[in-house]
1. Between residue 81 and residue 39, what is the spin-label point distance in nm, taking each point 7 Å from the Cα along the Cα→C-beta axis?
2. Taking the range 44-96 on its own, what percent of its Cα-Cα pair distances exceed 14 Å?
3. Let me make sure I get this right: for the range 16-65, a, b and c are the square roots of the gyration tensor eigenvalues over alpha carbons, sorted descending. Under 1.5 in a/c it's rounded, otherwise prolate if a/b > b/c, else oblate. Which is it?
4. Give the residue list of trypsin sites (Lys or Arg not before Pro) in the range 26-68 that are DSSP loop and have at most 11 other beta-carbon atoms within 10 angstrom.
5. Please report, in debye to the nearest 20, how large the charge dipole of the chain is about its Cα centre when each Lys and Arg carries +1 at its beta carbon and each Asp and Glu carries -1 there.
6. For the Cα atoms of the chain, what angle does the longest principal axis make with the long axis of helix 61-73, in degrees from 0 to 90, nearest 10?
7. Which net charge results for the neighbourhood of residue 102, defined as the other residues with beta-carbon distances under 12 angstrom from its beta-carbon, given Lys and Arg at +1 and Asp and Glu at -1?
8. Residue separation times 0.36 nm, minus the C-alpha to C-alpha distance between residue 24 and residue 8: what's the value?
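Values quoted throughout were computed directly from the atomic coordinates according to the rules given, and no laboratory measurement underlies them. Computed from a predicted model, the values in this text were never measured in an experiment. Neighbour counts run over all protein chains shown; Cβ positions are idealised from the backbone, glycine included.
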Amino acid sequence: MARYRPYDYKQLMMVPVSLEGQLVPGTLEYAIHHVVEERLDLSMFDERYCNDETGRKAIDPRVLIKIVLFGYSRGLISSRSLERACGENIIFMALSCGQKPDHSTIATFVSSIDPVVV
């Protein structure tokens, strides 16, 4: 008679993950992270957000750029697929620092970028 290891979906697991540890030097995700954090001047986005006294805090444009660039490099071009990846894929979680931007936030951000400026 066959014997199998028992399994239980009700068990709890705590899996510690270092988001920074997921961005390994020499990988595309690390390069995107480094360029966006260290090389790009993104001050042009600051004037678009007028929520300094009222309103909800916005997701940092650096996070959105990282998500979009990495997603596009992996063939994820819809805002819904990018939103889903931020909740399911550890690399997207690392690039977004655990934030899960809504698909409408991602779509609005992408459509607001002026191709002449970029």
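1. The answer from the label model is 2.5 nm.
2. Above the 14 Å cut-off, the range 44-96 has 56 percent of its Cα pairs.
3. Since a/c reaches 1.5 but b/c is at least a/b, the shape of the range 16-65 is classed as oblate.
4. Counting only loop positions with at most 11 other Cβ atoms within 10 Å, the trypsin sites (Lys or Arg not before Pro) in the range 26-68 are 56, 57.
5. Charge dipole, the chain, about its Cα centre: 800 debye, nearest 20.
6. Its long axis makes an angle of about 60 degrees.
7. My count for the surroundings of residue 102 gives +3.
8. So the extension gain works out to 2.4 nm.
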